[in-house]
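Where a number appears in this text, it was derived from the coordinates with a stated rule and is not lab data. Since this is a predicted model, take the numbers as computed values, not measurements. Heads up, the Cβs are rebuilt from the backbone with ideal geometry, glycines too, and the neighbour counts pull from every protein chain shown.
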Amino acid sequence: MVSTDADDHTLVESARGGDRRAFQLLYERYERKVYSVAYGFLRNPEDALDVVQEAFIKVYRYLPNFEGQSSFYTWLYRIAANLCIDHLRRNVRKRDVEFDDKLRHDGDKDAPADLLPASAMGNPSDAVENKEILAAVEDSLQYLSDKHRAVIVMRELQGMSYADMAKAMNCSKGTIMSRLFHARRNMQKLLRQRLEQLPDPSEDGNEALTHEAALP
Amino acid sequence: MTKKPTSKDKNPFISTLGFPDGSDEPGIPSRRDQKLQMFFDDELDGGEKDEFARELDRDSELRRHLDQMGTMRNLVSRSLELRASEVPRARFEQIWDEIDRSIEVEQRAARAAVPVSIWSRLSAATRPFRTPMLTAAAAAALVVAVVQFTGPSDVNQDPQVASVPEAPAPSVTPDVGPTPQNPAIAQRPPEPPPTPEVFPAPKSSAAEIHSIEFGGKAGRISQNGTVTVLYVEEGESPQKSERSL
């Protein structure tokens with residue numbers, strides 16, 4: 001019986017040997033992280049939970065093939081990302097919406113010197129605990145195209161390399177680099193629009209998250 | 001910061017950095033923007049990385065953009081983590097139950113798909129009969145054991161117990177006649193089996209007694225139907241005595 005604080009490698013080895021409890025511990029360790037990735041891609045809680053379920057079933061199925069060249073969570077995230085991309089492609093056919101960019105920043109002749117408005121952001125370390133700013137970020141993600149959101153989530157949340165992202169999205173590394181650049185610019189533009197409407201964070205009444213409420 | 005070269009000639013460094021000049025994205029970022037992004041994503045090689053780090057030291061605007069990219073990364077991660085933290089624990093437990101069930105079904109299917117040998121199939125086919133057969137065999141063995149322990153020492157001489165007549169042991173040596181070491185035994189003819197003594201069978205009819213003598217005296221027997229009368233004469237004047245038998 002493996003202990004709950006065993007490292008990923010130990011849990012993977014035990015799960016490979018048929019220890020279902022070890023696999024459950026891996027699931028409990030990464031369930032929310034995989035969910036956040038899936039939600040970032042799909043923007044739908046139930047779809048995201050479906051991907052969590054599918055990803056872990058797939059991981060268990062291919063556990064004997066896991067060579068351990070990358071870390072377990074990198075492998076897990078890659079599987080989850082692939083499932084999300086498949087889901088988006090299937091869903092595009094249903095929605096009859098192009099899996100492409102619907103917002104472009106290339107009309108901006110003069111990009112602002114500051115990509116994010118410093119006045120609305122305040123202190124960056126406080127910004128990540130500010131509910132309104134986080135809501136604005138989520139709203140901005142909503143308005144990105146599926147492809148742009150996918151590269152943002154894969155890079156910013158999962159930390160995937162350009163090569164891995166290119167493999168997942170079935171395109172060249174150069175395309176990923178270009179797509180990521182434009183996705184970031186679009187995201188900054190969208191966020192800037194939303195943050196400029198927010199009151200100055202230095203003023204009273206701006207609801208900040210407490211650590212107890214913010215941490216999962 | 002974004003410029004749009006129409007051909008590779010206008011930006012000869014693009015191909016070396018990996019950005020395609022014909023990608024599906026509009027506009028190609030400047031070389032500085034590309035390097036900034038690659039530095040931020042830790043995709044620059046050692047030499048290029050050091051060179052860009054020195055450039056960062058000299059350029060405050062570049063540093064500010066790098067910081068803002070970092071802030072954006074933190075915000076995106078934090079907003080999605082916050083969203084994930086809102087999902088109730090019970091919902092994830094429910095998902096685990098589904099995963100566990102799926103794994104179980106897959107494992108059962110995998111076990112069923114494994115080819116079964118002829119012996120395994122035979123074993124599986126006889127499984128329902130195995131217990132009764134073993135029970136019967138055990139009972140039979142127990143009976144034999146009880147009979148052996150409780151019966152006479154030489155069961156072959158007890159006509160009540162089934163005995164197997166001893167078959168003559170097969171000769172190891174070929175039957176080539178008497179050996180010179182034991183000629184007498186070898187030449188003696190086999191004794192004929194002893195003939196059983198035959199007694200005359202008793203007559204099936206009842207014995208008829210006509211007279212009787214005892215103690216120097218004599219009598220006669222008169223049969224009259226089912227009644228037999230015995231007359232005994234004693235001395236000169238016989239006294240008649242009648243006994244009914």
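For the range B:88-139, the gyration tensor built on C-alpha atoms gives an oblate shape. Its axis ratio a/c (a ≥ b ≥ c) is at least 1.5, and a/b is not larger than b/c.
Count the net charge of all other residues whose Cβ sits under 14 Å from the Cβ of B:S102, scoring Lys and Arg as +1 and Asp and Glu as -1. Cβ neighbours under 14 Å give a net charge of -2. Each principal axis of the Cα cloud of the range A:8-90 was evaluated for its coordinate range; sorted largest first, these ranges are 35, 21, 17 Å.
Sequentially through the range B:31-46, phi angles give Karplus couplings (6.51, -1.76, 1.60; θ = phi - 60°) of 4, 5, 5, 5, 5, 4, 5, 5, 5, 4, 8, 6, 10, 8, 6, x Hz, Gly and Pro residues having no value and appearing as x. Distances between placed amide hydrogens fall under 5 Å for A:N130 paired with A:L209, all partners being 5 or more residues away or on another chain. Could you pull out the pairs from A:K33/A:K173; A:K189/B:K49; A:K147/A:K189; A:K147/A:K173; A:K147/B:K49 whose alpha carbons sit more than 20 Å apart here? Those over the limit are A:K33/A:K173; A:K189/B:K49; A:K147/B:K49.
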